[in-house]
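Since every read-out is calculated from the coordinates, none of them should be taken as a lab result. The model shown is predicted, which means the values in this text are computed figures rather than measured ones. Cβ placement follows ideal geometry from the backbone for every residue including glycine, while neighbour counts extend to all protein chains displayed.
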Amino acid sequence: MQVTRTSPVQFNIIPTPNSTLIVKFIVKGLRDIIRIDFNIVIYFKNPIHRNMVETISSDILSVYTSIEDRYYKAKIKIPEFKNYIQCYVIFIVGPNHGLDKKVFIEDISIDHSSEKIDVQTIEEVPLPRPKDYTIYDTIDQTINHHKKELLKDSIKRVSYIYPVYGNDSFHVVASNHVKYLRYEYNKYIGTKDEYIEIEEIDWSQLGNIRWNEKRNVLIHPFLYPFVSPESFTQNLRNFAKLLGTKNKIGGFDVADSNRISNLAAYLVNKIDLMMVPSNFAKDAYINSGVTIPVEVLPHGIPDEFLNDNHTNTNNDDIIRLQKLKEKGNILILYFLIHSEHRKGADLVRKVMKNIQSKFGNVHLVVKGRNASYFSGTGTTHINSWLDNNDLRLLYDTCDICLSPSRGGGFELNALEAVSRGLPTLVTNGCCFLDLIEYFIPIKLNNRTTQPLPGNSIHTGYGCEVDTNDFEEKLTDVINRLDYWKSISRDRSVKIREQYSWRNTVKILDNHLKNYGFV
């Protein structure tokens, strides 16, 4: 990875108090001699004033480039504290060089050791491997290094690793898996054979796992942590440790295009089961060379969405929308948390400008963060986090939902929208085909498009809607809104029956039983 004076490389790690941090890295050869500075910075809570955050920093260690690649090993002492918040390992070009000077650092590994040292050191060591090694050799070498002979776990449990404290879609899906798996298994508390413990582990703790028995593990998401070159080395190390202590490993992830990269498929083939949310995603994995079992596990609908009981809210955003609705506006809902191109945000913006020029009472409601993207349209942005009751009210307050995505493993918002009886316009392809009879499909154009250009995992193609058909379909729904709402309400009955989280987790339970996890 490239390092300059203005673009340092930093890694966020979890420090182990009273340990020695071992950092190894290769500095690629250059004709210029350039200094690289390296240190760690730790943020911690003041032991007396707990609301204050302070920092400590190691001394700066420096190395220099040469014509050949050089491999370095640094040892830095982590002080004895127990209230760390964050820790960063930082590489930067030295201050005496121009802003245009750049160096390249590869194969960074970061680990903790119980070795006791008095002073920090850095030394050159022999290159770890011949230059013709591939990344696949590195993966296998790392995995083999961490293999252990362990006994099988004596407790019947599944360790589920996911962003426990997040608020993204990975957290939403995984937390519902945990909630309803526990609902299934807690029925058997007190029985010897059927009860299974579901252990939650936050993704940030992955590097701190020290198991002494073979575990059954679920990882959610599986591939996304490897998407960033900055985090690949450390996550690979953690993944190898898990493989060394696993009985079975199952992964959850998506396919945002019709193929995943060779490296992604290679990593998937190291585990025992991959679960994806749609047949489009399953086909993408199999067509990309995945040979382990791949099973479809659709997303679900919260319990709060399964009834039509009246509910109140104190959420200012929802109250503001309800007032807009009372004034006779037609509210069109669109979700854009990230990935504008993949989500088809440019297509929505183009079509909505034309629609709003024809209908003065049509208002776009965007649930997401990028308020500037839809400047020039009549738009209300909902930026606040909504609990399930307020999220249900958001759907119930709006009239129509749009989801013209170019790719994706499963658009949960489209499923939720149709479960609440909203006429929902979607791309007539990709992941939507599993449920297309519940949606209003938009014809495709003839363009070849990549949903995530430059992505290191989702390297294939998707599909793009025809904006003329998009506009025609949306115009028809607006003109015959009562008709389309009646059809969507009828469709919502079947969706609610089939796609509750309780029912989808029963599918998950069957997968876990069929493949020996429980």
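Points worth noting:
- Contour excess over end-to-end distance, with Cα ends at K45 and D168 and 0.36 nm allotted per residue: 41.6 nm
- Difference of contour (0.36 nm per residue) and Cα-Cα distance, N354 to E437: 27.2 nm
- Taking the fewest neighbouring Cβ atoms within 10 Å as the starting point, the ordered list for I198, I36, I155 is I155, I198, I36.
- Cα-projected label distance for V125 with N361, points at 7 Å along beta-carbon direction, nm: 7.3 nm
- Hull volume in cubic angstrom per residue (convex hull over the Cα atoms of the stretch 407-462): 79 Å³
- Sequence-ordered 3J(HN,Hα) estimates for the stretch 143-159 from the Karplus curve with 6.51, -1.76 and 1.60 and θ = phi - 60° stand at 5, 4, 5, 9, 5, 9, 9, 10, 7, 5, 4, 7, 9, 7, 7, 10, 8 Hz, glycine and proline given as x.
- Ordering of 433-446, 395-408 by packing is 395-408, 433-446, highest average first (other Cβ atoms within 10 Å, averaged per residue).
- With each label modelled as a point 7 angstrom along the Cα→C-beta vector, the K102-V53 pair spans 3.0 nm.
- Across the stretch 315-370, the relative contact order, built from alpha-carbon pairs under 8 Å that are at least six residues apart, equals 49 percent.
- Simple rule: put +1 on each Lys or Arg Cβ and -1 on each Asp or Glu Cβ in the chain, find the dipole, and look at V217, I318, L474; the Cα lying farthest toward the positive end is V217.
- Separation between Cα centres of the stretch 270-320 and the stretch 99-124, rounded to whole Å: 41 Å
- The stretch between K152 and Q205, if pulled fully straight at 0.36 nm per residue, gains 16.9 nm over its current Cα-Cα span.
- Rounded Å value of the spacing that divides the Cα centres of the stretch 355-418 and the stretch 198-237: 33 Å
- Cut-off 12 Å between beta-carbons: net charge of the residues surrounding S175, Lys and Arg +1, Asp and Glu -1: -1
- Of the trypsin sites (Lys or Arg not before Pro) in the stretch 294-351, the ones in a loop by DSSP (not H, G, I, E or B) with at most 16 other beta carbons within 10 Å are K327.
- Here the mean projected area of the convex hull built on the C-alpha positions of the chain is 28.9 nm².
- Counting only alpha carbon atoms, the long axis of helix 481-498 and the longest principal axis of the chain meet at about 50°.
- Pair R320, N445: separation of 7 Å Cα→Cβ label points (nm): 3.2 nm
- Relative contact order [Cα under 8 Å, 6+ residues apart], the stretch 157-276, whole percent: 26 percent
- Globularity ratio of the stretch 2-127, using Cα Rg and 2.2 N^0.38 Å: 1.12
- This ranking places M52, M1, M352 by how few other beta-carbon atoms lie within 10 Å of each, fewest first, which gives M52, M1, M352.
- Per-residue Cβ neighbour rank within 10 angstrom, fewest leading, S372, S159, S231: S372, S231, S159
- Scaled to the globular estimate 2.2 N^0.38 Å, the Cα spread of the stretch 303-499, given as radius of gyration, is 0.98.
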